[in-house]
Amino acid sequence: MRRETQLELIRELLAHHAAGTTQLADNVLTLPADVYTSESHWQAERVALFRCRPVVACLSGAVASAGDYVSLTVGGVPVVVVRGGDGVLRGFRNVCRHRASSVVSDCGSGATSLRCPFHAWTYRLDGSLLARPQAGEGFCGTHESELGLAPVPVGESYGVVFVRAEGEEPVDAAELVGDASQDLNDFAVGGYVPFDRWESSWPCNWKLLVDTFLESYHVFSLHRTTVGRYYLSQPMTYRGYGPNLRFQTCQKSILELGEAPEEEWELLSRATVEYLIAPNTILSHSVDHFAVYQFLPTAVDHTDITMTLYTPESVTDRTRPHYERTLELHQRVGASEDFPQAVKIQQSLASGLVTETLVGRHEVALIHFHQALDQLLS
Ligand code: FES
Ligand SMILES: [Fe+2]
């Protein structure tokens, strides 16, 4: 992030703090409970947001070398992105052409082929079928050349890899990053390498989980014994970039900068800066890492979360304990504070007796998120 951008954000924050104000939307947003509970709303999202629109698959560092792959399930469609021996990044349906098992799980590196665990059908990194071990005459009349993995479009820009589960139109990754591109370029996101990942599942709508990242209003209360000791709840400021946005949560120590000359100001050691890449991915930068949260709904009230911790360079024996603690803190705060909260909200909304929730004018990034989703859906 440019120094001038950092200064601008700090100036804005200190001015709000001094005046006892915060950034405000024009109006309170009333969100119908249906956006979280309605099966038909989810079906519309599944098609428009998760299948026909590209979503983030990973950062480039996860598929930097030949044989690196990342799999995920988007809108119900298992997909895999893989770097070929020719350096080309490709996407496929992660569905075996024999009897539709997933071919790979999670992610991996250095593969020379992709082998289905069920009966060992094996595919080259370009998706073509390489072998059907022990099949004998079992598939007489079918042709290996016609049984490659089904391709899906992928695109990569500013260190972010996108994949689209349905349709053949190419993916314009630069357009999908949009005006967040300058910041991501400054962060050199493409140079970050994956350290480890944490997968979990939650019985709630995917948007309730994203919502917890888009306001810090709750920090003083929900996180009072953990990160709330170090982070400010308000002021909250954000920037919208089309359907994407940037939002930061600042450490209390940032207020000390009011006493220091601007030459000494520095934001990134005192704030967590998040980029929402619509609809479902948060790139969260803190000091020395990016935590990439992917919210992957499997039903209106069920969501898988994959959180991958990326570091600026490969973790060494010396830095490993630090990054293990960092991952553990993300897990602790998410799994014991934010995500259970989302589950409780889902239960309230699913009672059928609650018709709406209120998003305050100061929860301005949250308002942007929901309005942007409405636009993408329409
Ligand atoms: S389903 Fe993949 S080899 Fe049988
Ligand atoms: Fe939180």
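Each reported figure results from applying straightforward, stated rules to the coordinates on display, with no laboratory input. These figures come from a predicted structure and were not determined experimentally. So basically every Cβ, Gly included, is an ideal-geometry build from the backbone, and we count neighbours across all protein chains shown.
Using the 10 angstrom Cβ neighbour count as an exposure proxy, how do Leu214, Leu309, Leu222 rank, fewest first?
Values: Leu214 24, Leu309 21, Leu222 18.
With the sparsest Cβ surroundings first, the list reads Leu222, Leu309, Leu214.
Taking only C-alpha pairs under 8 Å that are 6+ residues apart, what is the relative contact order of the chain in percent? Mind dumping the intermediate values first?
Numbers: 766 pairs, mean separation 82.5, N = 378.
So the answer I get is 22 percent.
What's the Kirkwood radius of segment 194-349 in Å, using all Cα pairs?
On the way: mean 1/r = 0.0605 Å⁻¹.
Here the Kirkwood hydrodynamic radius works out to 16.5 Å.
Which of Asp304, Asp106, Asp183, Asp26 has the fewest other C-beta atoms within 10 Å, and how do the rest follow up to the most?
On the way: Asp304 16, Asp106 11, Asp183 21, Asp26 8.
Ascending Cβ contact count within 10 Å gives the list Asp26, Asp106, Asp304, Asp183.
Once you have the alpha carbon radius of gyration of segment 49-117, what is it after dividing by 2.2 N^0.38 Å, with N set to its residue count? List each step's numbers first, then the result.
On the way: Rg = 11.7 Å, N = 69, 2.2 N^0.38 = 11.0 Å.
The value comes to 1.07.
At a 10 Å Cβ-Cβ cut-off, how would you order Ser102, Ser157, Ser65, fewest neighbours first?
Neighbour counts put them in this order, fewest first: Ser65, Ser102, Ser157.
Note down the nm distance, to one decimal, between modelled labels 7 Å out along Cα→Cβ at Ala188 and at Ala19.
About 3.8 nm separates the two model spin labels.
For Ser113, what is the net charge nearby, where nearby means another residue's Cβ is under 11 Å from its Cβ and Lys, Arg count +1, Asp, Glu -1?
Working: positive: Arg115, Arg124; negative: Asp126.
Cβ neighbours under 11 Å give a net charge of +1.
Quick check: residue separation of Leu130 and Glu264 times 0.36 nm, minus the Cα distance between them. What number comes out in nm? Each step should come with its number before you reach the end.
On the way: separation 134, 0.36 × 134 = 48.24 nm, distance 5.90 nm.
My answer for the length gained is 42.3 nm.
For the chain, what is the Kirkwood hydrodynamic radius in Å, using each pair of distinct C-alpha atoms?
Values: mean 1/r = 0.0455 Å⁻¹.
Averaging 1/r across every pair of different Cα atoms and inverting gives 22.0 Å.
How large is log10 of I(q)/I(0) for segment 55-170 at q = 0.10, 0.17, 0.23 Å⁻¹ when the intensity is taken from the Debye formula with one equal scatterer per alpha-carbon?
For segment 55-170 at q = 0.10, 0.17, 0.23 Å⁻¹, log10 I(q)/I(0) is -0.27, -0.76, -1.32.
What spacing in nm lies between the two simple spin-label points modelled at Thr112 and Gln375, each 7 Å away from Cα in the Cβ direction?
Roughly 5.0 nm, to one decimal.
FRET efficiency for Ser336 and Ala120, Cβ-Cβ distance as r, R0 = 45 Å, nearest 0.05? Spell out each step's value before the answer.
Details: r = 41 Å, r/R0 = 0.91.
Working from the Cβ atoms, E equals 0.65.
Zone of His41 (label point 7 Å along Cα→Cβ, backbone N under 17 Å): which residues in segment 204-227?
Under 17 Å, as judged by backbone N against the label point of His41, lie 204-212 of segment 204-227.
I'd like the distance separating the alpha-carbon centroids of segment 84-118 and segment 31-80, in whole Å.
18 Å
Could you check which residue among Phe118, Phe339, Phe290 shows the biggest mean-square fluctuation in a GNM of the chain with a 10 Å Cα cutoff?
Phe118
Arg2 to Thr30: extension gain in nm, 0.36 nm per residue of separation minus the Cα-Cα distance?
Taking 0.36 nm per residue and subtracting the Cα distance, the gain is 6.5 nm.
What GluC sites (Glu not before Pro) does segment 310-378 have in DSSP loop regions with at most 12 other beta carbons within 10 Å? Write out the running numbers ahead of the final one.
Details: sites: Glu313, Glu324, Glu328, Glu337, Glu356, Glu363; in loops: Glu313, Glu363.
Loop-located and lightly packed - Glu313.
Could you check the simple spin-label distance between Arg224 and Arg99, using points 7 Å along Cα→Cβ, in nm with one decimal?
5.6 nm
With springs only between Cα atoms under 10 Å apart, run a GNM on the chain and tell me which of Gly136, Gly85, Gly178 wobbles the most.
The residue that fluctuates most here is Gly136.
Normalised by the residues of segment 55-170, what does the relative contact order come to in percent, with Cα pairs under 8 Å and at least six apart? Before the final figure, lay out each step's value.
Details: 257 pairs, mean separation 31.6, N = 116.
For segment 55-170, the relative contact order is 27 percent.
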